Amino acid sequence: MRFCYFNHFPYRDLTYRPAVWPYPSHLADRNAAASQICEYLDQASLADSVGFDWIAFGEEHSTPFGMIPNVSLAAAAVIARTRNSKIALLGAPIPLLNPLRVAEEIAWLDSASQGRIIVGLLRGVPQSYAQYSVDPDESWDRFEEAVAVILKSLSEHKPFSWKSRYYKFDDVSVWPRCLQTPHPPIIFSGGSARSLALAARYGAGVAFTHLVKKSSLQEARTQFALHERHSAVRAPRFLGVYGFISNTETDARRILEEGLSYMTNYLSGSFDERKREILSRTRYSTGMLPNTAPANRFRDALTLSERIEARLVVCGTPEQVRSQIEVIVSETNVDVLSVHFQVGNIPHDLVCNAITLFGREVIPFFRGGWVR
């Protein structure tokens, strides 16, 4: 059982939610944003020091929901601050990017980290297609072509040319080579039959980064079972939950409720509304599980107790969190459990306390090194 610290670098100081997306950038106080980015990098370093196996980042565009425009930037910053944890890029929205450039960044990061990189290759969220002026209806075809370009670029060590519908490169030769051979482990989203088929084809892992609906855990369990049935190799299964841990249940619940409220009411809202608008006129969500379709994120107004009962979050004292994780593991057979401690505007010092407590009281319990 491995544990992951995940952070998408939310902006914590919004005082109101604009009516439309994208949010105007004048709402971001320069000093506050700079301070928060540095604090999040410190959190990653702390997670490495207390025993987290992975450190992971998500990428967002034109939104205070996450201040990481390129997961490679966050990974490069964290590589220098950590020594043991794997660094997971979860992930790059490759239909919006130059796949050759993505391959070069992966190879460099893998070399610089001494082989600690894990790569999530994702389609990205619908509103980012509007931001980058890419047709969402082309997302799947672009995605599959880009995956093929990236993996061939990382695996092939003689110059080659590439020509497909969306990508044309006359001379491809990636420097430096990845330290891991033939390339770092790859992870795809587990939210559709098409992505599961890709995972099986490439021997890749699958991930559910955020659980947001009552049926999420059950659907993740079903997709994990399909992945195991059709994949020729045992690749990581990744599950992400929001959570908080404290010495008292009352404190943990209060802090997490406040963070979830800020995330839903300030960081999402019109952000999700733009998703729904794009999805209503495109084929982006074709083939996705009903739960994982972007329009359904945070659709259900669940109480914290309902989220805990549905195993969408972990929350409470160390003993309670250990019990909750045991249930999640038994129900899904997950390999890597990610806990997102930086929920909304939870203060940095409280998140650091939670990371430390989790490393001291929870991780050893699942490693056979637990001493009461």
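Suppose all protein chains stay in the model; what accessible area per residue would a 1.4 Å probe give for the chain, in Å²? Present the calculation step by step, with values, prior to reporting the outcome.
Values: 15460 Å² over 372 residues.
That works out to 42 Å² for each residue.
Once both labels are modelled 7 Å past Cα along the beta-carbon direction, what's the S155-R281 spacing in nm?
Result for the modelled spin labels: 4.0 nm.
Kindly provide the trypsin sites (Lys or Arg not before Pro) of the stretch 146-218 that DSSP labels as loop, not H, G, I, E or B, and whose Cβ sees at most 12 other Cβ atoms within 10 Å. Display every interim value, and only then the final one.
Values: sites: K152, K163, R165, K168, R177, R194, R201, K213, K214; in loops: R165, R177, K213, K214.
Answer in residue order: R165.
Tell me the angle of helix 270-280 to the major Cα principal axis of the chain, expressed in degrees between 0 and 90 and rounded to the nearest ten.
For helix 270-280, the angle is close to 40 degrees.
Taking all protein chains in place and a 1.4 Å probe, what share, in percent, of the accessible surface of the chain do carbon and sulfur account for? Display every interim value, and only then the final one.
Working: 7630 of 15460 Å².
Here it works out to 49 percent.
Can you tell me the order of 95-101, 240-246 when each peptide is scored by its average per-residue count of other Cβ atoms within 10 angstrom, highest first? Could you put the intermediate results ahead of the total?
Details: 95-101: 19.4, 240-246: 25.0.
Peptide ranking by packing, descending: 240-246, 95-101.
Where does helix 30-49 land angle-wise versus the long Cα axis of the chain, in degrees 0 to 90, nearest 10?
Around 90 degrees separate the two axes.
Express the relative contact order of the chain as a whole percentage, based on alpha carbon pairs under 8 Å and six or more residues apart in sequence. Before the final figure, lay out the partial values.
Details: 688 pairs, mean separation 78.9, N = 372.
Answer for the chain is 21 percent.
Tell me which residues come under 5 Å, amide H to amide H, from F244 once H is placed; ignore anything under 5 positions away on its chain.
For F244, the qualifying residues are V314, C315, G316.
Could you compute the net charge surrounding G115? Neighbours are other residues with a C-beta less than 13 Å from the C-beta of G115; K and R count +1, D and E count -1.
Details: positive: R83, K86, R116, R177; negative: D110.
Local net charge: +3.
Residues with beta-carbon under 15 Å from that of S231, excluding S231: net charge, scoring Lys, Arg +1 and Asp, Glu -1? Intermediate results must be reported in sequence, preceding the final value.
Details: positive: R194, R201, R229, R234, R237; negative: E228, D335.
Charge balance in the 15 Å sphere: +3.
With springs only between Cα atoms under 10 Å, which of W21, W108, W162 fluctuates most in a Gaussian network model of the chain?
W162
Quick one: the Cα spread of the chain along its three principal axes, in angstroms, biggest first?
60, 49, 42
For the chain, what number of Lys pairs, 8 or more residues apart or on separate chains, have alpha-carbon atoms under 25 Å from each other?
On the way: K86/K152; K152/K163; K152/K168; K158/K168; K213/K275; K214/K275.
Number of lysine pairs found: 6.
Quick query: amide H of L122 versus all other amide H atoms, modeled in the peptide plane; which residues come in under 5 Å with a sequence gap of 5 or more or a different chain?
Amide H neighbours of L122, under 5 Å, 5+ apart: A92, I94.
Under a GNM of the chain (C-alpha, springs under 10 Å), which listed residue has the highest mean-square fluctuation: Q180, Q36, Q131?
Highest fluctuation among the options: Q131.
Measuring from centroid to centroid over Cα atoms, what is the spacing of the stretch 10-68 and the stretch 188-264 in Å?
Taking the Cα centre of each part, the stretch 10-68 and the stretch 188-264 sit 21 Å apart.
To the nearest 500 deg cm²/dmol, what mean residue ellipticity at 222 nm is calculated for the chain from DSSP H runs of n ≥ 4 alone, each contributing -39,500 (n - 2.57), summed and divided by the residues?
Details: 12 runs with 151 residues, N = 372.
Per the formula, -13000 deg cm²/dmol.
Let me spell out the model: positive unit charges on the Cβ of Lys and Arg, negative unit charges on the Cβ of Asp and Glu, origin at the Cα centre of the stretch 163-249. What dipole size does that give, in debye rounded to 20? Don't skip to the end; give the middle numbers.
Values: 12 positive and 5 negative charges, 67 e Å.
My answer is approximately 320 debye.
Nearest 5 is fine: what % of DSSP beta bridges in the chain come out antiparallel, could you say?
Restricted to the chain, the bridges split so that about 10 percent are antiparallel.
Grab the other residues whose beta carbon is less than 15 angstrom from that of T222, score K and R as +1, D and E as -1, and report the net. Walk me through the intermediate numbers first.
Values: positive: K213, K214, R221, R229, R237, R311; negative: E219, E228, E331.
Summing Lys and Arg as +1 and Asp and Glu as -1 gives +3.
May I ask for the angle, rounded to the nearest 10°, between helix 249-262 and the longest principal axis of the chain, with both axes built from Cα atoms and the value confined to 0 to 90°?
With rounding to tens, the tilt is 50 degrees.
Sequence gap at least 6, Cα distance under 8 Å: using those rules, report the relative contact order of the stretch 116-224 to the nearest whole percent.
Over the stretch 116-224, the number comes to 23 percent.
The values are calculated or read from the model by the stated rules, or taken from the named source; none is laboratory data. Because the structure is a prediction, the values reported are computed rather than measured. Because the Cβ atoms are built from the backbone with ideal geometry, glycine has one as well, and the counts that use them run over all protein chains shown. Note: accessible area is taken over every heavy atom of the protein model, side chains too, but ligands, DNA and RNA are not part of it. Shrake-Rupley method; radii C 1.70, N 1.55, O 1.52, S 1.80 Å.
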